[in-house]
Amino acid sequence: EDPIDLINNALMKGMDAVSALYTKGEYFLPDLMLAGDAMMSGVALCEAKLGHKADSKAKVVCCAVEGDPHDIGKNLIVMFLNANGYEPIDLGRDVPHADVVAAFKEHQPAMATATALMTTTMTGFGKIAALMEEEGLDVPIGCGGGAVRRDFVEEFAHCFYGVEAYHTPKLADSIVDDGKTWEDIRKEYAEIVGEYVAAYS
């Protein structure tokens, strides 16, 4: 059996099923984490057989913003990206704004995600966007987390409000495959993720 075939048509298909069950509320966070770990172990075995890493669709830089120690949302995003053939660059939690922008320069990602659980750290989105402006970079950033609201996120250039972790691969696909910009995503979010989203209705 071809290792690439196994990754694309067995492991990723399995994660699609897990995502669907999670969306329906039949699976919960621990189920997702277990499935994600199992999938990554499977991918590692396939890559060992191949002798190199499987090609990824694109890189996506992921972080929990400066001052914020909460990373469950970010970890889920990383898992869903992995499960859908992307290469997440996981910067971890409480990441200084300048380090996020440095990672944009280094990795040239298709998009980025920034999460914040606390109202005190949400301002990080705007600070990252301002640093990007200074550097002349344009990376679409999906911003989300506990207290985050769409109207707040949309005050900043380059940023759009990300509602669910499992939406991330579809948003990335829209950028990589369809050339969507962060402005397009703000207008077409529900259409892109293919479901009713209250924040965008």
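The values are calculated or read from the model by the stated rules, or taken from the named source; none is laboratory data. Keep in mind the model is a prediction, meaning the values are calculated, not measured. Note: ideal-geometry Cβ built from the backbone for every residue, glycine included; neighbour counts use all protein chains shown.
Some observations on this one:
- Residue that is surrounded by the most Cβ atoms within 10 Å (Cβ to Cβ) [pool: residues in the range 178-196 that are over 22 Å from Asp151 (Cβ atoms) and free of Cβ contacts under 8 Å to residues at least 24 places away in the same chain]: Asp178
- Per-region count, the range 31-50, residues at pLDDT 90 or above, closer than 22 Å to Glu164 by Cα and of a type outside the set (Asp, Glu): 4
- Members of the range 1-33 found to be under 19 Å from Pro169 (Cβ atoms) and either touching a Ser or Thr at 6+ places or on another chain (Cβ under 6 Å) or not aliphatic (A, V, I, L, M) (or both), listed by number: Asn8, Asn9, Lys13, Gly14, Asp16, Ser19, Tyr22, Thr23, Lys24, Tyr27, Asp31
- Residue in the range 178-192 that is nearest to the chain's Cα centre (by Cα), counting only those that are of a type in the set (D, E, K, R) and not in a helix (DSSP H, G or I): Lys180
- For the range 128-177, filtered to residues that are among the aliphatic types (A, V, I, L, M) and in a loop (DSSP other than H, G, I, E, B), the residue that is surrounded by the fewest Cβ atoms within 10 Å (Cβ to Cβ) is Ala147.
- Those residues of the range 104-120 which are surrounded by fewer than 23 Cβ atoms within 10 Å (Cβ to Cβ), assigned to a loop (DSSP other than H, G, I, E, B) and at pLDDT 95 or above, in sequence order: Gln108, Ala110
- Members of the range 17-45 that are in a helix (DSSP H, G or I) and over 13 Å from Asn82 (Cβ atoms): Ala17, Ala20, Leu21, Tyr22, Thr23, Lys24, Leu29, Pro30, Asp31, Leu34, Leu45
- Matching residues in the range 125-141 - criterion: being without any contact (Cβ under 8 Å) to a residue 60 or more places away in the chain and closer than 11 Å to Thr113 by Cα: Pro140, Ile141
- Test result for Tyr27, assigned by TED's automatic domain parsing to the domain that holds Pro169 and of a type in the set (Ser, Thr, Tyr): no
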